[in-house]
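A short reminder: the numbers here are calculations on the coordinates, not readings from a lab. All figures in this text were calculated on a predicted structure; none of them were measured in a lab. Using ideal geometry, Cβ is built from the backbone for each residue, glycine included, and neighbour counts are taken over all protein chains shown.
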C-alpha cells in the first residue's frame, strides 16, 4: 500500500503522529494509499524550517525569484500530463477536466514570473524641501495555505506562486483526500531551484489546521473550502493575529432572459453544472429561467443530459467522473431524493443507471425549485442542476441578491442594456455575460462576496500580491551638513 508522507526541508518526512487517512480511488471505491496525518510536532517542524529559510529567501533578489518561477512554469508545463494523471487517480475527474485544472493553475505561476514589476512601489520626490517619500512592498514571513479536494493542483498554485515570488516561505496543508499532487509540486519546486525549507507540505486533519491557525510564526493563512469552515478559519486565524483570506461556498445562479440564445444557454448550463461532477465552487447550480422560455430551456437541457458519458477517467471518451467519496455521493443523492417531497419536479434522476463499483452519480435536473427548499438553498456540490422560474429580470436579480452566497453568477441575453444593468445591480463578486463560469484570468483576482468570502482580499492576481506583502513608507532627507539645524516638527510640504 502506497504511503504518502509530508514534505519538509526539501525531502519526504514520515509523520510522527501514528495517525493516517485513507486515499480512495473514487472510480473503484477501493483504497489506493494511506496519508500520514501531521501531529502538532510535525507542523511545528515544518513551520520552524520555513522560518529558518525566510531570511535568505527574502534577501534573494527579484530576478532570481522570477527565475525560479520561470523554471517552475516550464516544469509544470512539461509535466502537465503527469499532474493531470494524479488528479484523475485520486480525485476522479476525467483527464480533460484535470488538464484544464493544470492549465488554469499554470496561469498563476506565469503571473508570478512578473514579480519584479509587480513589487514596484511608488516614489515622490521633493514631498517637502529636500525630502523624498517612497513606498516599498515587503514579504510577511511564513505563510500557510489550506486547500480543498476539488482542485488539488490549481488552488495551491493560486497561493504559493505569489507568496513565494513576493519573498515569503510557505507551508501547504492540502486536502487529505487527494494529497499526491501537492507532493509532486513540491518536487518540481525543488527542481526549479527553490531553496529547501522554502516550501513545505503537511497532511492531516483538524489537528494540523488548528496548529497552523494558532502558530505564532504563521503570519497569514489562505483558505478555500466550505462556508462553515471558512468562517472558522477566518475567526480563529484573526483571533490569533493573522492576516486571513478564506473563500467559502457558493450557490451560483445563471439568469436566462426571454431573448437569449436558448441553445447556447442550454449548452452552457449543462457544461457549467455537470463539469467536474459539479464539485467546483464556480459551478452553475441554479438556472433562473424566464417564464416565457422556461419550458423550452428545460427541455433542451434534458435532451442534452443523456449524451454526457459518465465513467472512470481511465476510459477514453468519458466526460464526467465519480464524486470524491461514497459519503459525499450519498449526501448529494439525498438532495435528489428529497426534491419532490419539497414540491420540486424531478426531471432527470441521476441516481438511475450510474456505473457501479465507484462513487458515481449521473447528472440530475430538478425543475420548479424555490427558496426554502434544500435543493435550492444548500450548496450541493455535485451534479445537480435546479431550475427556478422567474417572471423577468427584476425577480431574478432579487433572488440572486437575497441569496446568502455571492461567489459567481451569469446572465444570458442578447440585450446589452440588460446585461449592463445586471453587472451594476448584482451583488456577486464574479459576473459572466453569456459566460457561465466567469473565473477571472490570473492577472485579475478571484473571490466572491457575502458568505462566499471572509476577509477583504481576493485570491491570486494583484490582490494576491497585496495579501502576501505589507507596505512600508520611507521618508528620507539628506541635508547639507553646513546648513543643518535642529527641527523638532514634522516635515512640512507648505
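Can you compute the modelled spin-label distance between residue 295 and residue 443, with each label point 7 Å from Cα toward Cβ, in nm?
Here the answer is 4.9 nm between the modelled labels.
For 367, 205, which order do you get if you count the other beta carbons within 10 Å of each Cβ and list the fewest first?
On the way: 367 23, 205 14.
Taking fewest neighbouring Cβ atoms as first place, the list is 205, 367.
Expressed as an acute angle from 0 to 90° and rounded to the nearest 10, what is the orientation of the C-alpha long axis of helix 62-78 relative to the principal long axis of the chain?
Taking the Cα atoms of the chain, the angle to 62-78 is about 30 degrees.
Just rank 36, 178, 132, fewest to most, by other beta-carbon atoms within 10 angstrom.
Working: 36 25, 178 29, 132 15.
The order, fewest Cβ neighbours first, is 132, 36, 178.
Can you give the extra length, in nm with one decimal, that the chain gains between residue 433 and residue 135 once fully stretched, where that is 0.36 nm per residue apart less the Cα-Cα distance? Before the final figure, lay out the partial values.
On the way: separation 298, 0.36 × 298 = 107.28 nm, distance 3.79 nm.
Value of the extension gain: 103.5 nm.
By the gyration tensor of its Cα atoms, with a ≥ b ≥ c the square roots of the eigenvalues, what is the shape of region 365-494: rounded for a/c under 1.5, prolate for a/b over b/c, or oblate?
On the way: a/c = 3.56, a/b = 2.98, b/c = 1.19.
Prolate.
Can you divide the C-alpha Rg of region 85-221 by 2.2 N^0.38 Å and report the result to two decimal places?
Details: Rg = 18.0 Å, N = 137, 2.2 N^0.38 = 14.3 Å.
So region 85-221 has a normalised radius of gyration of 1.26.
Under a crude label model (7 Å from the Cα following the beta-carbon direction), how far is residue 316 from residue 374 in nanometres?
4.2 nm
Tell me, in nm to one decimal, what length is gained between residue 41 and residue 309 on full extension, where the rule is 0.36 nm per residue of separation less the Cα-Cα distance? Write down the numbers at each step before the final one.
Working: separation 268, 0.36 × 268 = 96.48 nm, distance 4.60 nm.
Full extension of this stretch gives 91.9 nm more.
Compute the separation of the alpha-carbon centres of region 252-303 and region 15-64 and state it in Å as a whole number.
Region 252-303 and region 15-64 have Cα centres separated by 40 Å.
Once you place label points 7 Å from the Cα toward the Cβ at residue 214 and residue 103, how far apart are they in nm?
Those two pseudo-labels are separated by 4.4 nm.
What area, in nm² and to one decimal, does the C-alpha convex hull of the chain cast on average over all directions? Walk me through the numbers before you get to the answer.
Values: hull surface 106.8 nm².
Averaged projected area of the chain's Cα convex hull equals 26.7 nm².
Please compute the contact order of the chain in relative form: average sequence separation of alpha-carbon pairs under 8 Å and at least six residues apart, divided by the residue count, as a percent. Let's see the in-between values first.
Numbers: 1160 pairs, mean separation 89.7, N = 494.
Computed over the chain, the figure is 18 percent.
Along the Cα-to-Cβ line of residue 62, 7 Å from the Cα, sits a label point; which residues in region 128-166 have backbone N less than 17 Å from it?
What the label zone holds, given the 17 Å backbone N cut-off, is 134-140, 162-166.
How much FRET efficiency would the formula 1/(1 + (r/R0)^6) give for residue 205 and residue 486, where r is the Cβ-Cβ distance and R0 is 60 Å, rounded to 0.05? Write down the numbers at each step before the final one.
Numbers: r = 61 Å, r/R0 = 1.02.
The formula returns an efficiency of 0.45 here.
Counting only DSSP beta bridges with both residues in region 285-399, what percent are antiparallel, rounded to the nearest 5? Provide the component values of the computation, followed by the final result.
Working: 3 of 12 bridges.
Around 25 percent of the beta bridges assigned by DSSP in region 285-399 are antiparallel ones.
Only bridges whose two residues both fall in the chain count here: according to DSSP, what percent of them are antiparallel, nearest 5? Numbers along the way, then the final one.
On the way: 30 of 73 bridges.
Of those bridges, close to 40 percent are antiparallel.
What is the order of 106, 262, fewest Cβ neighbours within 10 Å to most?
262, 106
Between region 395-466 and region 119-192, what is the C-alpha centre distance in whole Å?
Taking the Cα centre of region 119-192 as reference, the centre of region 395-466 is 24 Å away.
Peptides 50-56, 451-457: what's the order by average Cβ count within 10 Å, highest mean first? Spell out each step's value before the answer.
Numbers: 50-56: 17.7, 451-457: 20.0.
Averaged packing, sorted descending, gives the order 451-457, 50-56.
Hey, what angle do you get for helix 40-59 against the long axis of the chain, alpha-carbon based, 0 to 90 degrees rounded to 10?
50 degrees
Only residues of region 378-414 count here: report those whose backbone N is under 13 Å from the spot 7 Å along Cα→Cβ of residue 258, or say none.
390-394
More than 30 Å apart: what percent of Cα pairs in region 252-433 qualify?
Working: 2382 of 16471 pairs.
Of the Cα pairs, 14 percent sit more than 30 Å apart.
What's the percent breakdown of Cα-Cα distances in region 1-81 across 5 Å bins, shortest bin first?
3, 13, 13, 14, 16, 17, 14, 7, 3, 1
Cut-off 19 Å, label point 7 angstrom out along Cα-to-Cβ of residue 30: give me the residues of region 348-380 whose amide nitrogen falls inside.
Backbone N within reach: 355-360.
So how tilted is helix 180-191 from the main axis of the chain? Cα-based, degrees 0 to 90, rounded to 10.
Helix 180-191 sits at roughly 30 degrees to that axis.
Quote the relative contact order of region 153-248 in percent (integer), defining contacts as alpha-carbon pairs under 8 Å separated by 6+ residues. Before the final figure, lay out each step's value.
Details: 111 pairs, mean separation 22.1, N = 96.
Averaging sequence separation for qualifying contacts and normalising by length gives 23 percent for region 153-248.
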